[in-house]
Amino acid sequence: MSPAAMEQHANFINGKWVAPETGEYYSRTNPARPSECLGKFPSSAECDVHAAIKAAGNASLAWADTPGPQRGVLLFRFAQLLEDSKVELARIITLEQGKALCESTGEVGRAAAEARFMAGEASRICGQSFPSERPGFSAYTVLEPLGVVAVICPWNFPVVTPVRKIAPALAFGNAVVFKRASLTPWSAVYITRLLEKAGIPPGVVNLVMGSGAAIGNSLVTDPLIRGISFTGSTEVGLPLYESAARHLASVQLELGGKNPAIVFDYEDLEAAAREIVSAAFLCSGQRCTALSRVIVKQEQADPLVDKILSLVAKIQVGDGMLESTTMGPLVSKSQFETVERYVAKGIESGCKLLHGGKALVRQPDDEGYYYTATLFDRVASDSVLAKEEIFGPVLPVIRVRDVEEAISIANDTRYGLAASVFTSRFDVASQCLRRIQAGMIHINHGTASQAHVPFGGRKDSGQGAFSIGPTAKDFFTNIKTIYGKW
Ligand code: NAP
């Protein structure tokens, strides 16, 4: 590890890198080699959060008054800086998050694309005009920034998720307090440096690093915070929503998922298997949109499972920095233990283990949090494997008789984020499109989203305006109606 990587990092408040008031730091280690320290990061407390919110509040009016196209110029610069930093930033993602380097490189490219889209949006902040009932009057709406927004992110996409929130927040004229996940602080520092380099004025973006338990509450309950864009687990998101409601802050929640792949009378099972395995095991299954259940028509189950199995067997688990690796370690000991627990439950309950189901190391704390890609067949639709979000490399297959049963099982979880349907039949596709309760449905491909298309979930998977693309403005702006007699 280079000495630069071992540095002690700081919070970024009011345009300055400052030590936390607590004077306390924690170490983030590499999940591929947990004895390797990547750097020391602030363990901030409430006073640091208050300083960040105050700085954002002070900067917010001037930023809101900066013309949108000028804000866009700075965001285009930021997007270019992301592109230019792809190699270095991808390396940081892999070192602290664990995913394979090619995935990290793709993540930075995607973040740049989303930032670019939002840079353009800053020139398209449009209201509506209305014909007036009364002569000599005009009636129209304008969109204004919320003010100060909190951006709270998970660790699985440590670059694209913050950029997905910070870029639209800035484009629409808001000031930001950014809270990254404790497991991925280094990427957050790097992104913040790029925003600084792009020329975002002091106080407009503030990074405060501390655990959710220590600083989360003071962030979401501060009355100056007018919007909270949160991505993370449903368990954390629900109480956060309640706290924000007490001061009527706007909330955008992007939460967990248990995303089904329905395979029903599909001609190209080879292609379906490829899409499913990729969407299930990228990022070691630690993606909110990971396909985490296959629901297949009985008659197609054997050939599909064979094809999935042969692809799963080829997955190369290893250090994400190695070119040969197609699946990195899990992000932390806690994720590793969660996966172990679910696999044990699956085996106990009689699901048929076809592949994996075990750790690849004896001493994960020394050797890395490596777990095999795991495939279960003949899983009962009420099994925990079929209903709960595992957030790991575990794929259960459920066999069904007809489309009705497939749709009913697909909908039988608390989640409603994404779904894939593989079918050559128009009637099956259209029935699934109408009846599956999910924010995003993919026909005949996996759950890959695009950088300019709305993204979000239903049920316990999300709340509020979809992120990405044109719907971002629905969260990051307030509408104001103006009547004028000129
Ligand atoms: P998490 O434990 O819910 O944490 C998410 C963020 O919330 C982290 O920054 C965390 O900080 C913070 N936090 C924790 N407690 C808090 C509190 N009381 N108040 C305010 N913030 C608090 O989720 P995760 O383990 O990082 O991420 C995995 C989950 O995210 C999965 O459920 C996944 O499905 C979901 N996810 C959803 C989407 C989507 O778009 N729908 C995308 C990605 C991930 P600390 O890290 O310091 O605890």
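The values are calculated or read from the model by the stated rules, or taken from the named source; none is laboratory data. Treat the numbers as computed from the prediction; the structure is a model and nothing was measured. Glycine gets a Cβ as well: all are built from the backbone with ideal geometry, and neighbour counts include every protein chain shown. For accessibility, only protein heavy atoms count, side chains too; no ligands or nucleic acids. Shrake-Rupley method; radii C 1.70, N 1.55, O 1.52, S 1.80 Å.
What accessible area, in Å² to the nearest ten, does a 1.4 Å probe give for Ser334?
Accessible area, nearest 10 Å²: 70 Å².
Over all directions, what mean area does the Cα convex hull of region 1-154 project, stated in square nanometres?
On the way: hull surface 50.7 nm².
Mean projected area of the Cα convex hull: 12.7 nm².
Per residue, what volume in Å³ does the Cα convex hull of the chain take up?
Details: hull volume 71.6 nm³, N = 486.
Each residue corresponds to 147 Å³ of Cα convex hull volume.
Rounded, prolate or oblate: which one fits region 42-99, using the alpha carbon gyration tensor with axes a ≥ b ≥ c (rounded when a/c is under 1.5, else prolate when a/b beats b/c, else oblate)?
Numbers: a/c = 4.90, a/b = 1.18, b/c = 4.14.
Oblate is the answer for region 42-99, as a/c is 1.5 or above yet b/c matches or exceeds a/b.
From the square roots a ≥ b ≥ c of the eigenvalues of the alpha-carbon gyration tensor of region 231-334, which class results: rounded (a/c under 1.5), prolate (a/b over b/c), or oblate? Show your work: numbers first, answer last.
Values: a/c = 3.65, a/b = 1.60, b/c = 2.28.
It comes out oblate by the Cα gyration axes.
What does the charge add up to near Val379, with Lys and Arg as +1, Asp and Glu as -1, over the other residues with Cβ less than 9 Å from its Cβ? Show your work: numbers first, answer last.
Numbers: positive: Arg293, Lys352, Arg378, Arg399; negative: Asp377.
The answer is +3.
Let me cross-check Glu389: its accessible surface, 1.4 Å probe, with only protein heavy atoms counted, in Å² to the nearest 10?
Counting only protein heavy atoms, the figure is 50 Å².
Going Cα to Cα from Lys86, which lysines come in below 18 Å? Please leave out same-chain ones fewer than 8 positions away.
Lys99, Lys197
Quick check: net charge around Ala150, other residues with Cβ under 13 Å of its Cβ, Lys/Arg +1 and Asp/Glu -1? Could the numbers behind the result be given before it?
Numbers: positive: Lys165, Lys179, Arg180, Arg226; negative: Asp222.
Combined, the nearby Lys, Arg, Asp and Glu give +3.
Please report the antiparallel percentage of DSSP beta bridges with both residues in the chain, rounded to the nearest 5. Write down the numbers at each step before the final one.
Working: 30 of 69 bridges.
The antiparallel proportion sits near 45 percent.
If you keep only loop residues by DSSP, which GluC sites (Glu not before Pro) in region 281-381 have at most 16 other Cβ atoms within 10 Å of their Cβ? Please report the intermediate quantities before stating the final value.
Details: sites: Glu299, Glu323, Glu337, Glu340, Glu348, Glu367; in loops: Glu323.
Sparse-neighbourhood loop GluC sites (Glu not before Pro): Glu323.
Solvent-accessible area of Glu388, probe 1.4 Å, all protein chains present, reported in Å² to the nearest ten, please.
In the full protein context, Glu388 sits at about 70 Å².
Within the accessible area of the chain, what % is carbon and sulfur when the probe is 1.4 Å and the other protein chains stay in place? Let's see the in-between values first.
Numbers: 10230 of 19370 Å².
Carbon and sulfur: 53 percent of the exposed surface of the chain.
Let me know the Kirkwood hydrodynamic radius for region 309-396, please, with Cα pairs as the basis and the value in Å to one decimal.
Details: mean 1/r = 0.0750 Å⁻¹.
Kirkwood radius, region 309-396: 13.3 Å.
Taking all protein chains together and a probe of 1.4 Å, list Phe336, Phe137, Phe391 from the most accessible to the least accessible.
Values: Phe336 10, Phe137 60, Phe391 40 Å².
From most exposed to least exposed: Phe137, Phe391, Phe336.
Could you state the orientation-averaged shadow area of the convex hull built on the Cα atoms of region 137-222, in nm² to one decimal? The partial results should precede the final answer.
Values: hull surface 28.6 nm².
Result: a mean projected hull area of 7.2 nm².
Just from its helices, what would the mean residue ellipticity at 222 nm be for the chain, if runs of 4 or more DSSP H residues each count -39500 (n - 2.57) and the sum is divided by every residue, rounded to the nearest 500 deg cm²/dmol? Working shown, then result.
Details: 16 runs with 196 residues, N = 486.
The helix-only estimate for the chain comes to -12500 deg cm²/dmol at 222 nm.
Quick one: of Lys16/Lys473; Lys165/Lys473; Lys387/Lys459, which pairs are farther than 18 Å apart, Cα to Cα?
Details: Lys16/Lys473 29 Å; Lys165/Lys473 11 Å; Lys387/Lys459 14 Å.
Table pairs above 18 Å Cα-Cα are Lys16/Lys473.
Could you grab the relative contact order for the chain? Cα pairs under 8 Å, six or more apart, rounded to a whole percent. Write down the numbers at each step before the final one.
Numbers: 1175 pairs, mean separation 88.0, N = 486.
Reported as a whole number, the value is 18 percent.
For Asp65, Asp474, give me the order by solvent-accessible area with a 1.4 Å probe, most accessible first, ignoring ligands, DNA and RNA. If you can, show how the numbers build up before the last one.
Values: Asp65 125, Asp474 95 Å².
Correct descending sequence by accessible area is Asp65, Asp474.
At 1.4 Å probe radius, can you tell me the per residue accessible area of the chain in Å²?
Numbers: 19370 Å² over 486 residues.
Each residue of the chain exposes 40 Å² on average to a 1.4 Å probe.
Net charge within 11 Å of Ala448 by Cβ-Cβ distance, Lys/Arg positive one each and Asp/Glu negative one each, not counting Ala448 itself? Walk me through the intermediate numbers first.
Details: positive: Arg110, Arg287; negative: Glu275.
Summing Lys and Arg as +1 and Asp and Glu as -1 gives +1.
How about Lys485: which aspartates and glutamates have a C-alpha closer than 15 Å to its C-alpha, ignoring those fewer than 8 places off in the same chain?
Those aspartates and glutamates meeting the cut-off are Glu133.
Enumerate the aspartates and glutamates that Lys358 could reach by cross-link, defined here as Cα to Cα under 19 Å, with residues fewer than 8 away along the same chain left out.
Asp319, Glu337, Glu340, Glu348, Asp366, Glu367, Asp377, Glu389
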